[in-house]
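*Asks:* Shown below is the structure under consideration.
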Amino acid sequence: MNDHHPAGQGPTRALTVADVLALPVLAAGRPQVVTGVPHLDRPVRWVHITELTDPASFLKGGELVLTTGMPLPQDAVGVRRYVDELADIGAAALVIELVRRYHRAPDTLVDACRRRGLPLVTLAKDVNFLEVTQVVHALLLGNQAEAMRRTQRIHEAFTTLTLRGAGPEDVVRAAAEMSGRTVVLENLVHQALICEPSGLTVEEALADWEQRSRATGPGDNTAIRGPEGWLTAPVEYQGERWGRVAVLPARTDGPAFGPEDVTLLERAAMALTVARLIHPTPWERTAHRNALLDLVEQRHRSAEDARARCSALGLPTDRSHFVAALVDLRAGKGGTEAESRLSEELRTAGVPALVGELTPDRLGILLALRTSQPWRPVVERLSGTVLALAPGAVVSVGSEVTDLTDTARSFREAARVAEATPPGQPLPQDRSFHELSDVGLRRLLYALREDARIQEYTERQLRRLIDHDTQHGTDLLTTLRHYLDAAGNKTTAARRGGLSRETMYQRLRTIERLLGRDLESGDQRTELHVALTALDVLRAD
């Protein structure tokens, strides 16, 4: 028999009527299914040989009943009663041997079995019923022993996870791996916080999640629920419910959820409860962080998966534009508090967003805005909240994008702005955040200050002048600065430096000689201006 789950980690498929009929010991009797073909997937719990007129009184349900047909009643009423009792007790199938009493199945028996949906199988040749029971019971007992071993492995796996303090992502991942099915953890408002797909894509698992989840009614125990047949279990502690965990059916036809799946999900729910107790970060915050990191680092398998995951977290993915912002708190100014405050601020303002910590002291924010909704007032409000919490914080914003999959670009732009913002950088006059248009030459060079090429360029352009000032106690570097700031106007430069025009001319000639430069050349003045600006940035760092 085939294992339904990958790597033999999940439950083995239950032995069915079809499986038993395919066994050589029964196949030798040339079995023919007369009625109940759609029900051949019924599980077989045991095999029962009987020559009694009332075999149902000795059954518990799930048995494959073997008979030679000798005890069947003669009258139609008696045959119907015989079949009804088997069907009522839940017999898996009736197998009758057409060798001794009958050579074809009686019409009354066929009609009665068809009416009750009971599989009726005839055997054209003599079969050793005792051998059938030995073979099938050996398989069933082997399955039971293996099921006990698998159940023990389930308990051991989740106990290990709990003892090492595993987080909710680890628990959900383990449940998906052991069940071979997609597992989802959701909160009380039907947002999918963690999804570990198996056999399904993220898009297939999470499409229209809230609507589908609400259709899968609540419950106080582990059970199969809803129109899609989800196996769900509540996650709670001492009467306080935090959410529920769901195992989704496989996309292809396969066996229904069994006792092992129930055990696995209950253990997963218990492990999630412990994870919630020992990890103080709310699940929603972790979910937002992971979703943002997936967008920033473009870790989604497809654009559809990205939209499905974010939509399942409550972010409208059909909004007309998105804006990414970064909050650099700098010097550890309460990242957790800022994260909570900003989330609450956006919720109060009715602005859908993801808010989460990307790195220590850096928060990421993704705003989902309607066509008519300008983003600048929203970011200005957020910046005010941030600066009230951490006056030295820096808020950087990327450009607007119209597709969720382009938000990585908006985050990259915001990161470039942040990298180009030195400590103490004055805010623009009209706002309390920084954007790409604020990044001029000095801030660009600040962002590139650790690049060896910038350092080498600066040293090559100005080294001789710096060495001369050091050795002779002069200040030609300042003279060059005044001259370049005055755009080559010697009179203005002399006045700024408190020098006579003759002294200015003399110093400029010395600078030209030391650097081998023509200060009348606009290109060469530009090169020196860049080098001097870079030197200021490097010295200030």
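The values are calculated or read from the model by the stated rules, or taken from the named source; none is laboratory data. Keep in mind it's a predicted model, so treat the numbers as computed, not measured. Cβ: placed from backbone, ideal geometry, glycine included. Neighbour counts: every protein chain shown.
*Asks:* Does Pro227 satisfy being in a loop (DSSP other than H, G, I, E, B) and closer than 17 Å to Ala176 by Cα?
*Replies:* Numbers: in a loop (DSSP other than H, G, I, E, B): yes; closer than 17 Å to Ala176 by Cα: no.
The answer is no for Pro227.
*Asks:* Inspect all residues belonging to the range 492-514 and state whether any of them is outside the structural domain of Val323 (by TED's automatic domain parsing) and under 60 Å from the mean Cα position of the chain (by Cα).
*Replies:* Checking the range 492-514: not a single residue is outside the structural domain of Val323 (by TED's automatic domain parsing) and under 60 Å from the mean Cα position of the chain (by Cα).
*Asks:* Here's a follow-up. Could you say which residue among Gly69, Gly36, Gly61 is at pLDDT below 85, touching a Gly at 6+ places or on another chain (Cβ under 8 Å) and of a type outside the set (S, T, N, Q)? So that I can check it myself, show each step before the final result.
*Replies:* On the way: Gly69 fails: touching a Gly at 6+ places or on another chain (Cβ under 8 Å); Gly36 fails: at pLDDT below 85.
It is Gly61.
*Asks:* Being at pLDDT below 85 and within 16 Å of Ala93 (Cα to Cα) narrows it down to one of Ala7, Ala27, so name that one. Don't jump to the end; show me each part of the working.
*Replies:* Values: Ala7 fails: within 16 Å of Ala93 (Cα to Cα).
So the residue among Ala7, Ala27 that is at pLDDT below 85 and within 16 Å of Ala93 (Cα to Cα) is Ala27.
*Asks:* Further question on the same structure: Quick one: is Ala250 within 18 Å of Ser179 (Cβ to Cβ) and in contact with a Gly (Cβ under 6 Å, 6 or more places away or on another chain)? Spell out how you get there, then give the answer.
*Replies:* On the way: within 18 Å of Ser179 (Cβ to Cβ): yes; in contact with a Gly (Cβ under 6 Å, 6 or more places away or on another chain): yes.
For Ala250, the condition - within 18 Å of Ser179 (Cβ to Cβ) and in contact with a Gly (Cβ under 6 Å, 6 or more places away or on another chain) - is met.
*Asks:* Quickly run through the range 352-379 and pick out the residues that are of a type in the set (Val, Ile, Thr) and within 20 Å of Gln191 (Cβ to Cβ). Break it down stepwise before answering.
*Replies:* Keep residues of the range 352-379 that are of a type in the set (Val, Ile, Thr), which gives 355, 359, 365, 371, 378-379.
Within the range 352-379, Val355, Ile365 qualify.
*Asks:* Something else: Name the residues in the range 497-519 that are in a loop (DSSP other than H, G, I, E, B) and either surrounded by 12 or more Cβ atoms within 10 Å (Cβ to Cβ) or touching a helix residue (DSSP H, G or I) at 6+ places or on another chain (Cβ under 6 Å) (or both), would you? Reasoning before the result, please.
*Replies:* Here is the first cut: in the range 497-519, the residues in a loop (DSSP other than H, G, I, E, B) are 498-500, 516-519.
The answer is Leu499, Arg517, Asp518, Leu519.
*Asks:* Could you please give the count of residues in the range 295-313 that are under 19 Å from Thr402 (Cα atoms), among the charged types (D, E, K, R) and either surrounded by fewer than 18 Cβ atoms within 10 Å (Cβ to Cβ) or not assigned by TED's automatic domain parsing to the domain that holds Thr402 (or both)?
*Replies:* Here the count works out to 2.
*Asks:* Identify, by number, the condition in (1) closer than 30 Å to Arg412 by Cβ; (2) surrounded by fewer than 17 Cβ atoms within 10 Å (Cβ to Cβ) that His279 doesn't meet.
*Replies:* All conditions pass for His279, except number (1).
*Asks:* Tally up the residues in the range 172-185 that are of a type outside the set (Ser, Thr, Tyr), buried (at least 24 other Cβ atoms within 10 Å of the Cβ) and touching a Ser or Thr at 6+ places or on another chain (Cβ under 9 Å), please.
*Replies:* Counting residues in the range 172-185 that are of a type outside the set (Ser, Thr, Tyr), buried (at least 24 other Cβ atoms within 10 Å of the Cβ) and touching a Ser or Thr at 6+ places or on another chain (Cβ under 9 Å) gives 3.
*Asks:* Return the residues of the range 268-285 that are farther than 22 Å from Leu200 by Cβ and part of a helix (DSSP H, G or I); say none if nothing qualifies. Don't jump to the end; show me each part of the working.
*Replies:* We begin by selecting, within the range 268-285, every residue farther than 22 Å from Leu200 by Cβ; these are 270-271, 273-282, 284-285.
Across the range 268-285, the qualifying residues are Met270, Ala271, Thr273, Val274, Ala275, Arg276, Leu277, Ile278, Glu284, Arg285.
*Asks:* Here's another thing I want to ask about it. Give the range 410-452 a look and list any residue that's free of Cβ contacts under 8 Å to residues at least 12 places away in the same chain, in contact with a helix residue (DSSP H, G or I) (Cβ under 8 Å, 6 or more places away or on another chain) and under 21 Å from Thr385 (Cα atoms), or say none.
*Replies:* Pro428
*Asks:* With (1) modelled with pLDDT under 90; (2) not in a helix (DSSP H, G or I) as the list, and Glu339 as the residue in question, which single condition is left unmet?
*Replies:* Every listed condition holds for Glu339 apart from (2).
*Asks:* Here's a follow-up. Only residues that are more than 42 Å from the chain's Cα centre (by Cα) and either under 13 Å from Leu94 (Cβ atoms) or modelled with pLDDT of 85 or more (or both): list them for the range 39-50, please. Don't jump to the end; show me each part of the working.
*Replies:* Just the residues of the range 39-50 that are more than 42 Å from the chain's Cα centre (by Cα), to begin with: 46-50.
Correct list: Val47, His48, Ile49, Thr50.
*Asks:* Could we say that Val171 is among the β-branched types (Val, Ile, Thr), modelled with pLDDT of 90 or more, more than 16 Å from Ala312 (Cα to Cα) and not assigned by TED's automatic domain parsing to the domain that holds Val47 here? Before you say what the answer is, go through the steps one by one.
*Replies:* Details: among the β-branched types (Val, Ile, Thr): yes; modelled with pLDDT of 90 or more: yes; more than 16 Å from Ala312 (Cα to Cα): yes; not assigned by TED's automatic domain parsing to the domain that holds Val47: yes.
Yes: the conditions hold for Val171.
*Asks:* Then there is this: Restrict the check to the range 282-291 and report whether at least one residue is more than 20 Å from the chain's Cα centre (by Cα) and either more than 20 Å from Gly356 (Cα to Cα) or aromatic (Phe, Trp, Tyr) (or both).
*Replies:* Going residue by residue through the range 282-291, those that are more than 20 Å from the chain's Cα centre (by Cα) are none.
For the range 282-291, residues more than 20 Å from the chain's Cα centre (by Cα) and either more than 20 Å from Gly356 (Cα to Cα) or aromatic (Phe, Trp, Tyr) (or both): absent.
*Asks:* Residues in the range 217-268 that are under 19 Å from the mean Cα position of the chain (by Cα) and of a type in the set (Gly, Ala, Ser): how many?
*Replies:* 4
*Asks:* Yes or no: the range 97-117 includes at least one residue that is in a loop (DSSP other than H, G, I, E, B), of a type outside the set (Asp, Glu), within 28 Å of Phe257 (Cβ to Cβ) and at pLDDT 85 or above.
*Replies:* Within the range 97-117, the first condition is being in a loop (DSSP other than H, G, I, E, B), and the residues that meet it are 98-106, 117.
Then drop every residue that is not of a type outside the set (Asp, Glu), which leaves 98-106, 117.
Then keep just the ones that are within 28 Å of Phe257 (Cβ to Cβ); that gives 117.
If we keep only those that are at pLDDT 85 or above too, we end up with 117.
So far as the range 97-117 goes, yes, one or more of its residues are in a loop (DSSP other than H, G, I, E, B), of a type outside the set (Asp, Glu), within 28 Å of Phe257 (Cβ to Cβ) and at pLDDT 85 or above.
*Asks:* So which residues in the range 188-200 are at pLDDT 90 or above and either buried (at least 19 other Cβ atoms within 10 Å of the Cβ) or of a type in the set (A, V, I, L, M, F, W, C) (or both), if there are any at all? Steps first, please.
*Replies:* Applying the first criterion (at pLDDT 90 or above) to the range 188-200 yields 188-197.
Of everything in the range 188-200, those that are at pLDDT 90 or above and either buried (at least 19 other Cβ atoms within 10 Å of the Cβ) or of a type in the set (A, V, I, L, M, F, W, C) (or both) turn out to be Leu188, Val189, Gln191, Ala192, Leu193, Ile194, Cys195, Glu196, Pro197.
*Asks:* Still on this structure, please answer the following. When the range 50-80 is examined, which residues are found to be surrounded by fewer than 16 Cβ atoms within 10 Å (Cβ to Cβ) and closer than 20 Å to Tyr102 by Cα?
*Replies:* Glu51, Leu52, Thr53, Asp54, Met70, Pro71, Pro73, Gln74, Asp75, Ala76, Val77, Gly78
*Asks:* Spot the failing condition for Gly254; the list is (1) assigned to a helix (DSSP H, G or I); (2) at pLDDT below 90, and only one is missed.
*Replies:* (1) is the only condition that Gly254 fails.
*Asks:* Follow-up. If a residue must be outside any helix (DSSP H, G or I) and in contact (Cβ under 8 Å) with a residue 60 or more places away in the chain, how many such residues does the range 156-197 contain?
*Replies:* Counting residues in the range 156-197 that are outside any helix (DSSP H, G or I) and in contact (Cβ under 8 Å) with a residue 60 or more places away in the chain gives 17.
*Asks:* Return yes or no: is Tyr102 buried (at least 21 other Cβ atoms within 10 Å of the Cβ), touching a residue at least 24 places away in the same chain (Cβ under 8 Å) and either aromatic (Phe, Trp, Tyr) or not assigned by TED's automatic domain parsing to the domain that holds Thr35 (or both)? Break it down into steps so the answer makes sense when it comes.
*Replies:* Numbers: buried (at least 21 other Cβ atoms within 10 Å of the Cβ): no; touching a residue at least 24 places away in the same chain (Cβ under 8 Å): yes; either aromatic (Phe, Trp, Tyr) or not assigned by TED's automatic domain parsing to the domain that holds Thr35 (or both): yes.
For Tyr102, the condition - buried (at least 21 other Cβ atoms within 10 Å of the Cβ), touching a residue at least 24 places away in the same chain (Cβ under 8 Å) and either aromatic (Phe, Trp, Tyr) or not assigned by TED's automatic domain parsing to the domain that holds Thr35 (or both) - is not met.
*Asks:* If Glu210 meets every condition in (1) exposed (fewer than 13 other Cβ atoms within 10 Å of the Cβ); (2) of a type outside the set (S, T, N, Q); (3) assigned to a helix (DSSP H, G or I) apart from one, which number is that one?
*Replies:* Unmet condition: (1).
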